[in-house]
Amino acid sequence: MRRISSSDIVITPDDRLVGSSRPPRGPAPRAQAPAAKAKAKAKRKMMPRLRLDATPLQKLAGLGVLATAVLVGGAVLWHSGAPQRLVRDTGVAVLRATAEGGFRITEITVAGRKRTPTDQIVTALAARHGEPILGLDIGAAKDRLEALPSVRAAAIERRLPGALHLSIVERQPVALWQNNGEFVLVDREGHQIPGAIEGFEDLPLVVGDGAPARADELFALLATEPEMATRVKAATRVGNRRWNLKLDDVEHGLEARLPELEAEVAWHRLAELERNRGLSGKLVTMIDLRVPDRLVLKSEPQQTAAERRAPSEARKED
């Protein structure tokens with residue numbers, strides 16, 4: 001015997017109509033419409049209503065909790081290193097794809113290099129043949145090149161698909177600095193330029209502590225009297241406060257002592273005296289210009305002067 005299922009029950013149209021209180025189909029009479037509305041309204045009143053209204057303070061507190069959750073979650077994710085690894089791995093993959101597409105370093109050219117060793121340039125550039133050319137940090141490489149002692153400025157240019165071109169402006173020696181018995185080339189800004197001094201032996205000699213750092217100031221001063229400037233063979237920084245100059249010859253030339261203050265006025269005064277009186281041709285060995293209203297001269301003894309002239313006169317007689 002099987003159980004009765006819903007498929008066994010058949011409801012005929014006649015059975016549905018018998019004993020049913022359901023009104024016949026079709027539009028309801030107008031008189032019943034207000035009653036139906038009232039019944040529906042009463043039913044809605046009986047249902048409980050969920051209120052979600054919150055005060056401004058409660059809303060603000062909720063936003064604060066949400067923001068805190070977002071910040072804490074972001075911080076935890078960031079410290080896990082996952083975003084950094086994703087960015088790094090994506091960048092490496094992109095650069096590798098560009099290199100495989102032909103954008104890799106195949107040639108490096110340099111312009112303007114004379115004294116800077118090639119191995120220093122290679123180390124500072126930190127680039128190798130075959131590496132992705134788009135992966136080179138141009139700004140960082142430029143900074144490393146300009147940190148080299150002999151380089152004043154540098155520029156790096158990508159010439160796609162595979163060439164790097166370096167333009168270098170080297171520091172130009174303007175003087176020799178004598179320090180502890182050794183000679184070092186310096187530029188106008190006082191930067192020391194390492195390397196051999198061959199070919200620059202005729203540059204002016206600067207001596208004393210702090211001399212290279214004030215070289216720019218000295219050469220700017222000398223440039224105000226160009227004819228006299230060419231005769232300056234040595235400059236000694238005294239007490240890191242002022243200069244003593246040697247004209248025409250490092251050892252036996254006229255020594256001019258400039259003051260600490262108003263050195264340019266004294267330099268113009270020396271140039272005027274030399275033009276009008278020719279002090280260097282009158283056996284004057286030293287002129288002190290440190291006092292504005294007074295001129296101190298030191299002359300060479302006659303005997304010593306005669307002895308110094310004797311070899312030249314002897315050569316004339318020969």
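Of note:
- So Glu170, is it touching a residue at least 24 places away in the same chain (Cβ under 8 Å) and charged (D, E, K, R): yes
- Of the numbered criteria (1) among the small types (Gly, Ala, Ser); (2) modelled with pLDDT of 90 or more; (3) under 22 Å from the mean Cα position of the chain (by Cα), the one Ala163 fails is (3).
- Residue pairs whose Cβ atoms lie under 6 Å apart, sitting 6 or more positions apart in sequence or on different chains, and linking a residue in region 134-155 that is among the charged types (D, E, K, R) to a partner that is surrounded by 15 or more Cβ atoms within 10 Å (Cβ to Cβ), are Lys142/Ala154; Lys142/Ile156; Arg144/Ala124; Glu146/Ala154; Arg152/Arg171.
- Residue within region 223-238 that is open to solvent by less than 20 Å² (accessible area, probe 1.4 Å), closer than 16 Å to Pro173 by Cα, in contact with a Lys or Arg (Cβ under 7 Å, 6 or more places away or on another chain) and in a helix (DSSP H, G or I) present: no
- Within region 266-288, the set of residues being more than 13 Å from Glu227 (Cβ to Cβ), more than 48 Å from the chain's Cα centre (by Cα) and basic (Lys, Arg) comprises Arg277, Lys282.
- Count of residues meeting criterion [assigned to a strand (DSSP E or B), within 30 Å of Ala215 (Cα to Cα) and touching a helix residue (DSSP H, G or I) at 6+ places or on another chain (Cβ under 7 Å)] in region 115-154: 3
- When region 158-180 is filtered for residues that are hydrophobic (A, V, I, L, M, F, W, C), surrounded by fewer than 20 Cβ atoms within 10 Å (Cβ to Cβ) and not in a strand (DSSP E or B), only Leu160 remains.
- If you check Arg275, Arg214, Arg269, Arg294 for being loosely packed, with under 15 Cβ neighbours inside 10 Å and part of a helix (DSSP H, G or I), only one passes: Arg275.
The values are calculated or read from the model by the stated rules, or taken from the named source; none is laboratory data. Note that this is a predicted model, so its numbers are computed, not measured. Positions of Cβ are generated from backbone atoms using ideal geometry, with glycine treated the same way; all protein chains shown enter the neighbour counts. Note: accessible area is taken over every heavy atom of the protein model, side chains too, but ligands, DNA and RNA are not part of it. Shrake-Rupley method; radii C 1.70, N 1.55, O 1.52, S 1.80 Å.
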